[in-house]
Amino acid sequence: MTVPDTTAVPRGRPRDAAVGHKVVETVLRLIADGTTFGDLTMEGIAREAGVGKATVYRRWASKDALLLDAMAEVDNAAMPVLPGTSFRDDLVVAVETIRRRGLAKRDSAMLRNMLTQVQSNPELWQRYHETVIAKRRAALARLIEHGVATGEVRSDLGSDLELLVDFVTGPMLTRTAFRHDAPLEAGLSERIVDLILHGIAPPA
């Protein structure tokens, strides 16, 4: 007697991962070419990607959901691998990642567009913060905690990790996001990290 196959068969056609990737890449290209978040439409994205509007809506219920996926893809691609040779070396890599994203046309355009959402679309900004920014800040906080544990960061600062994360990321983020004319020359990350570690006061 043949046992019937009771394995559930998915309803509808299976999603093609390549199509989803193509749509996300289309969004990233449009933003890099100067299209703003406000100018993007699901219909326009579908047309540029060469797929049907229904195909896009099957994957993303709204433009905001698609934008979040696009931002997450950019962020995942930029996640650094820390060398682990010293606290300073790891900190330099973390800051250098911000510098390189500022130099990348696509990444910097996405960041500048997202910053405009703070006022115009606070819900999108909050979701971006929760799904993308929070992950990076947590990783940097863990790095600083490790520096405290190894004695490379003052132990009395370990209770104020949020401020320390701001202190580390602030200088480079200011240049990449708010000062479009500021130079992002090679060696800048090392200079910033050394300034953070040694301060600006003259030696005692």
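The values are calculated or read from the model by the stated rules, or taken from the named source; none is laboratory data. This structure is a prediction, so every number in the text was calculated from the model and none was measured. All Cβ positions, glycine included, derive from the backbone under ideal geometry; neighbour counts span all protein chains shown. Protein only, heavy atoms only, side chains kept; ligands, DNA and RNA dropped before computing areas. Shrake-Rupley method; radii C 1.70, N 1.55, O 1.52, S 1.80 Å.
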Looking at segment 82-92, can you tell me whether even one residue there is of a type in the set (D, E, K, R) and open to solvent by less than 30 Å² (accessible area, probe 1.4 Å)? yes
Condition first: of a type in the set (Asp, Glu) and open to solvent by 20 Å² or more (accessible area, probe 1.4 Å). Now tell me which residues in segment 36-81 satisfy that. ASP39, GLU43, GLU48, ASP64, ASP69, GLU73
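Against the condition closer than 23 Å to ILE133 by Cα, among the charged types (D, E, K, R) and in contact (Cβ under 8 Å) with a residue 24 or more places away in the chain, how does ARG99 come out, does it pass? Don't jump to the end; show me each part of the working.
Working: closer than 23 Å to ILE133 by Cα: yes; among the charged types (D, E, K, R): yes; in contact (Cβ under 8 Å) with a residue 24 or more places away in the chain: yes.
Taking the combined requirement at face value, the residue satisfies it.
Output the number of residues of segment 148-204 satisfying the condition of being among the polar types (S, T, N, Q) and either under 24 Å from ASN113 (Cα atoms) or at pLDDT 95 or above (or both). Even if it seems obvious, please write down each step before you answer.
Let us first name the residues in segment 148-204 that are among the polar types (S, T, N, Q), namely 150, 155, 159, 169, 174, 176, 189.
When the remaining residues are screened for being either under 24 Å from ASN113 (Cα atoms) or at pLDDT 95 or above (or both), the result is 169, 174, 176, 189.
Residues meeting the conditions: 4.
Every residue in segment 142-161 that is of a type in the set (Gly, Ala, Ser) and either open to solvent by less than 90 Å² (accessible area, probe 1.4 Å) or under 23 Å from the mean Cα position of the chain (by Cα) (or both), please. Before you say what the answer is, go through the steps one by one.
Within segment 142-161, the subset of a type in the set (Gly, Ala, Ser) is 147, 149, 151, 155, 158-159.
Of everything in segment 142-161, those that are of a type in the set (Gly, Ala, Ser) and either open to solvent by less than 90 Å² (accessible area, probe 1.4 Å) or under 23 Å from the mean Cα position of the chain (by Cα) (or both) turn out to be GLY147, ALA149, GLY151, GLY158.
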Go through (1) closer than 30 Å to LEU30 by Cα; (2) among the hydrophobic types (A, V, I, L, M, F, W, C); (3) open to solvent by 40 Å² or more (accessible area, probe 1.4 Å); (4) not in a helix (DSSP H, G or I) for LEU184 and report which single condition fails. (3)
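At least 3 residues that are modelled with pLDDT of 95 or more, within 22 Å of ARG137 (Cβ to Cβ) and among the β-branched types (Val, Ile, Thr) in each: list the helices (runs of 4 or more DSSP H) lying fully within segment 6-114 that qualify. Quick ask: steps written out before the conclusion?
Details: elements: 17-32, 42-49, 53-59, 63-78, 87-103.
Helices (runs of 4 or more DSSP H) meeting the threshold: 87-103.
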